[in-house]
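Shown next, in structure tokens, is the structure this report addresses.
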Number of protein chains: 2
Amino acid sequence: MLTLYDDPISGNGYKARLILRLTGRDFQAVALDILNGETRTPEFLAINPNGKIPTLVFEDGRVLSESNAILFHFAEATSYWPVDSFARAQVMQWLFWEQYTHEPNIATSRFLRQHRELTDEVTQQLDARKAPGEAALALMENHLSARTFLVADSFTIADIALYAYTHVAEEGGFSLSGYPSIQKWITRIEAVPGFRAMGDA
Amino acid sequence: MLTLYDDPISGNGYKARLILRLTGRDFQAVALDILNGETRTPEFLAINPNGKIPTLVFEDGRVLSESNAILFHFAEATSYWPVDSFARAQVMQWLFWEQYTHEPNIATSRFLRQHRELTDEVTQQLDARKAPGEAALALMENHLSARTFLVADSFTIADIALYAYTHVAEEGGFSLSGYPSIQKWITRIEAVPGFRAMGDA
């Protein structure tokens with residue numbers, strides 16, 4: 001059986017859980033407490049030298065990490081990965097944009113607010129993420145205003161990757177009230193057959 | 001013909017130029033000066049709302065951005081993209097690791113040193129990137145110590161993505177003298193048929 005090293009507080013971990021559920025894979029989850037240094041132990045670093053969850057271990061010992069690489073691997077040859085070559089490239093464009101531009105602002109703000117004391121330094125870190133986080137949401141809003149899903153008007157791993165932290169953006173201090181197209185897109189994702197919520201995946 | 005919006009100072013732009021050269025595509029390059037705000041003009045934001053280079057425009061007007069998505073698109077169906085499913089996922093793991101963990105430390109340090117005045121604030125930003133940058137290089141060194149290339153012992157877009165800023169890491173203040181396996185890997189990449197150096201791609 002697959003073993004997923006994960007932390008329930010992580011949206012990146014949720015991406016992995018959701019694609020495994022959607023594609024009907026059995027897996028056992030091993031919860032590691034990021035806040036308690038459990039992803040930085042010698043034992044875990046021997047599995048993933050990058051010391052991050054989600055990390056997936058296959059039955060034969062092969063290891064795969066990076067949430068969006070896990071999404072890609074299990075989506076290949078399913079409807080969550082487009083048949084059209086250019087649409088695949090567009091999915092990848094969104095996945096890289098998520099990790100470089102969206103996650104470091106939206107997800108990190110949520111992490112800081114939920115798990116750090118609001119010192120001056122943390123407040124400064126949150127302030128620095130406000131404008132780029134809003135810009136990321138505005139870009140999504142504009143793109144989704146004329147579309148049902150991010151790519152090719154069908155539900156793909158681009159939607160999973162962006163849903164993971166966008167639907168809890170308010171926990172990071174980003175209100176979605178000014179982003180009606182994002183809200184409708186969230187509702188559409190939650191109606192996808194087999195969908196599981198973050199706490200239930 | 002393809003149009004590549006690019007800035008010669010960018011390693012991310014170099015990735016796009018190199019894969020286009022390696023796969024024999026004709027393209028015209030349009031140089032935008034990042035430092036001069038040329039990626040933030042209304043004209044360019046109409047092409048790529050994320051305001052970043054490299055951005056590729058196809059003859060029919062379709063647009064693709066994110067350097068690693070461009071690598072993926074042109075590598076599909078070539079030897080730079082593995083046939084084996086798990087090896088493909090490993091390539092993706094390295095591409096996401098590059099954008100999240102390597103580039104923000106190694107590439108950003110190079111940018112700050114080359115294009116910003118060394119104020120206290122910039123020095124602080126450089127200091128903050130020192131330990132995670134060295135950790136990224138150490139992870140690569142350890143991985144490459146027993147391998148010829150990053151994935152499946154063949155030259156893939158994972159090598160292109162990591163080569164782009166690793167081979168100029170010293171310009172960001174990261175000496176490669178303590179990383180002999182990385183140095184050998186750089187030499188191997190520069191011997192790949194069709195390889196073009198950063199200033200020549």
statement: Partner shielding of A:85-92, taken as the mean number of other chain Cβ atoms within 10 Å, equals 5
- request: If a/c stays under 1.5 just call it rounded; otherwise compare a/b with b/c (prolate if a/b is bigger, oblate if not). Do that for region B:2-75, with a ≥ b ≥ c from the square roots of the Cα gyration tensor eigenvalues.
  value: prolate
query: Which whole number gives the average, over all residues in B:107-117, of C-beta atoms from other chains lying within 10 Å of the residue C-beta?
result: 0
- line: The answer for chain B, counting only DSSP H helices whose Cα atoms cover 20 angstrom or more along the axis and whose Kyte-Doolittle average is -1.0 or greater, is B:120-144
field: Extent along principal axes [Cα atoms of the protein assembly as shown; Å; largest to smallest]
entry: 51, 50, 48
message: Under a Cβ-only charge scheme (Lys and Arg +1, Asp and Glu -1), can you give me the dipole magnitude of region A:75-197 about the Cα centre, in debye to the nearest 20?
response: 220 debye
query: Measuring label to label, 7 Å along Cα→Cβ, what does B:Q28 give against each other copy in nm, shortest first?
result: 6.1
query: Between copies, how close do the B:R113 label points come, placed 7 Å along Cα→Cβ, listed in nm from shortest?
result: 3.7
query: What is the mean number of Cβ atoms from other protein chains located within 10 Å of the Cβ atom of each residue in peptide A:18-31, rounded to a whole number?
result: 0
field: Proximal charge balance of B:V83 [Cβ under 14 Å; K/R count +1, D/E count -1]
entry: -3
- prompt: Once amide H atoms are placed 1.01 Å from N in the peptide plane, what residues at a sequence separation of 5 or more from A:L150, or on another chain, have their amide H within under 5 Å of its amide H?
  reply: A:T156, A:D159
task: Taking a label point 7 Å out from Cα toward Cβ, give me the nm distances from B:K130 to the same spot in the other copies, shortest first, one decimal.
output: 3.2
query: Tell me, how many Å apart are the Cα centres for region B:1-56 and for region B:64-81?
result: 15 Å
- line: One finds the C-alpha centres of region A:138-201 and region B:104-166 to be spaced, in Å, by 32 Å
message: Could you tell me which residue out of A:V151, B:W81, B:Q93 lies farthest along the dipole of the protein assembly as shown toward its positive end? Charges go on the beta carbon: Lys and Arg +1, Asp and Glu -1, centred on the Cα centre.
response: B:W81
query: How big is D for chain A, in µm² s⁻¹ as a whole number, if Stokes-Einstein is applied with the Kirkwood radius of its Cα pairs at 25 °C and 0.890 mPa s?
result: 140 µm²/s
- line: Distance in nm between A:A191 and A:R116 label points, each 7 Å along Cα→Cβ, equals 3.8 nm
- request: For every helix of n ≥ 4 consecutive DSSP H residues, a contribution of -39,500 (n - 2.57) applies; sum these over chain B, divide by its total residues, and give [θ] at 222 nm rounded to the nearest 500 deg cm²/dmol.
  value: -14500 deg cm²/dmol
- request: Could you check what % of the DSSP bridge pairs in the protein assembly as shown are antiparallel, to the nearest 5?
  value: 60 percent
Debye, to nearest 20: dipole size of the protein assembly as shown, +1 on Lys, Arg Cβ, -1 on Asp, Glu Cβ: 460 debye
message: For the ranges A:33-44, B:92-103, A:178-189, what's the packing order if you count other beta-carbon atoms within 10 Å of each residue, average per peptide, and put the highest first?
response: B:92-103, A:178-189, A:33-44
task: Set Lys and Arg Cβ to +1 and Asp and Glu Cβ to -1, take the dipole of the protein assembly as shown about its Cα centre, and tell me which of B:T39, B:V192, A:T55 lies farthest positive.
output: B:V192
- request: Would you be so kind as to identify which of B:L71, B:P132, B:S109 lies farthest towards the positive end of the dipole of the protein assembly as shown, taking Lys and Arg as +1 and Asp and Glu as -1 on Cβ and the Cα centre as origin?
  value: B:L71
field: Cut-off 13 Å between beta-carbons: net charge of the residues surrounding B:A16, Lys and Arg +1, Asp and Glu -1
entry: +3
- line: Measuring from its Cα centre, region B:2-75 shows a charge dipole (+1 at each Lys and Arg Cβ, -1 at each Asp and Glu Cβ) which, in debye to the nearest 20, is 260 debye
message: If you rotate chain B onto chain A, whose Cβ in B ends up lying nearest the axis, and how many Å away is it?
response: B:Q99, 3
query: Taking the DSSP beta bridges in region B:2-75 as the whole, what percent of them are antiparallel, to the nearest 5?
result: 55 percent
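Values in this text are rule-based calculations from the coordinates and carry no lab data. Being a predicted model, the structure only gives us computed values, none of them experimental. Cβ atoms come from the backbone with ideal geometry, glycine included; neighbour counts cover every protein chain shown.
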